[in-house]
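> Could you have a look at this structure, given as structure tokens, before my questions?
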Amino acid sequence: MIQQRIIQYIDKEDLFSSDSNILVALSGGADSVALLCILHAAGYHCEAAHCNFHLRGEESNRDEQFVRQLCKKYEIRLHTVDFDTTRYATENHISIEMAARELRYNWFEEVRTKCQADVIAVAHHQDDSVETILLNLIRGTGITGLLGIRPRNGAIVRPLLCINREEILHYLQSIGQDYVTDSTNLEDEYTRNKIRLNVLPLMQTINPSVKNSLIETSNYLNDVSAIYNRYIEEAKTRITTSEGIRIRQLLKEPAPEALLFEILHPLGFNSAQIKDIANSLHGQPGKQFSSKEWRVIKDRELLLLEKAQSENKEELPFLIIKEEKEYTPDFLIPREKEIACFDADKLNGEISYRKWQTGDTFVPFGMKGKKKISDYLTDRKFSISQKERQWVLCCGKRIAWLIGERTDNRFRIDETTQRIVIYKIV
């Protein structure tokens, strides 16, 4: 009996308990109607939530009316909401499908909190999981994408993953429960429907039980992924630093590119980019790769990981305080790099701060000749990322301090100094 199988599955996966308050996502379609009926018949306390996306004219209103009558029949509390889905998609520059998904799940969580439900139950079943596996395989994915739909994701639970679509329809027929049909599900319009209506039937001509084979494979891979993920986490601790990834250590690992994928894919890098980054490991420093929010820089010994810079004008990333005082012979010039002392009369131009630029020069303290800042930073073995973050204090057009590193000899304190200026990073 389907109901008993689902109860056993709920217990096995620890989705919720017999005294949990369950918010059921109810569209009015066969899957969600079956989910509500099964949970209600099994004695679970349920409330329902229905979204009207206003995408199919009268059909959308028909679905809402059906859901209202269904909940009235079973005396189940119903929450409803209306969305201007098309407008939301346009304003956020996303597809209609993505807009509906975002609106739906954000609202479900609001309702769950308001009605103090323990979980949100959605009606994904085995066929949905099979389609997800194929969809991810077509798009390109890591091992996680081949696991199909998982029973739990935070507060979202999926009690019907132990049965298929055919069993759902048979169950509804056996209890005499009708449902509404979304016309778009019958159209070969979206990628998922192409898999459902074209790809899977073709695969079934080769292997009639291909759906079961894919489910069994995903269950097997779920165990494999537990082992795989443990290795990934252990390897991450071996190869990463606060700045990025140790290239030499990465190349010692059994599968460097797979490890790179698991680190970089969550940061928005796609498979092609990650392959290019892997190919750059043996090359010269300087190559850069960007996702929407992150940047990878190939340095000498590290793959540097940085948040992408905002296009807005950068502000000094630290606070500098200034102090002026009379110079006395007993004054000891501090040796800390965070403090810079100058002859106030020599530092007589407009003071400003900026990042250093190509071609910048200064006269390092204790030297007589000019030196390019780029050469100085290279001699100090600064990484590409460290170089990019280096700021300078300017007096007019001259650089007086390579901040946090070295002052310019032209502004030094000497036997003629009467007043001094002290700048300190705090």
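> By how many degrees, 0 to 90 and rounded to 10, does the Cα axis of helix 30-41 deviate from the longest principal axis of the chain?
80 degrees
> Mind putting a number on the dipole of the stretch 217-304 about its Cα centre? Charges go on the C-beta only, +1 for Lys and Arg and -1 for Asp and Glu, and I need it in Debye to the nearest 20.
Here the size comes out at about 280 debye.
> State the percentage of accessible surface on the chain attributable to carbon and sulfur atoms; use a 1.4 Å probe and exclude ligands, DNA and RNA.
Its accessible area is 49 percent carbon and sulfur atoms.
> Could you give the accessible area per residue of the chain, probe 1.4 Å, as a whole number in Å²?
That works out to 57 Å² for each residue.
> With Cα extents along the principal axes in Å in mind, check [x] 50, 50, 45; [y] 78, 51, 41; [z] 102, 45, 39 and report the label derived from this structure.
Only one listed value fits the structure, namely [z].
> Using label points projected 7 Å from each Cα along Cα→Cβ, tell me how many nm separate residue 178 and residue 81, to one decimal.
Those two pseudo-labels are separated by 2.9 nm.
> Can you give the local net charge around residue 171? Use residues other than it whose beta-carbon is closer than 13 angstrom to its beta-carbon, Lys and Arg +1, Asp and Glu -1.
-2
> Quick one: which of 325/370; 337/371; 325/371; 322/368; 298/387; 298/355 span more than 23 angstrom between C-alpha atoms?
Distance filter (> 23 Å) returns 325/370; 325/371; 322/368.
> Let me ask something else. Magnitude of the Cβ-charge dipole of the stretch 234-367, K/R +1 and D/E -1, about the Cα centre, nearest 20 debye?
I would put it at about 740 debye.
> Name the residue, out of 92, 409, 219, whose mean-square fluctuation peaks in a Gaussian network model built on the chain with Cα pairs under 10 Å.
Between 92, 409, 219, it is 92 that shows the largest mean-square fluctuation.
> Shifting gears a bit: With a Förster radius of 60 Å, plug the Cβ-Cβ distance of residue 4 and residue 246 into 1/(1 + (r/R0)^6) and report the FRET value to the nearest 0.05.
With a Förster radius of 60 Å, E is 0.65.
The values are calculated or read from the model by the stated rules, or taken from the named source; none is laboratory data. Not measured: the values here are computed from a predicted model. Every residue, glycine as well, gets a Cβ built from its backbone with ideal geometry; the counts of neighbours run over all protein chains shown. For the accessible areas, the whole protein counts, side chains as well, though only heavy atoms, and no ligand, DNA or RNA atoms are used. Shrake-Rupley method; radii C 1.70, N 1.55, O 1.52, S 1.80 Å.
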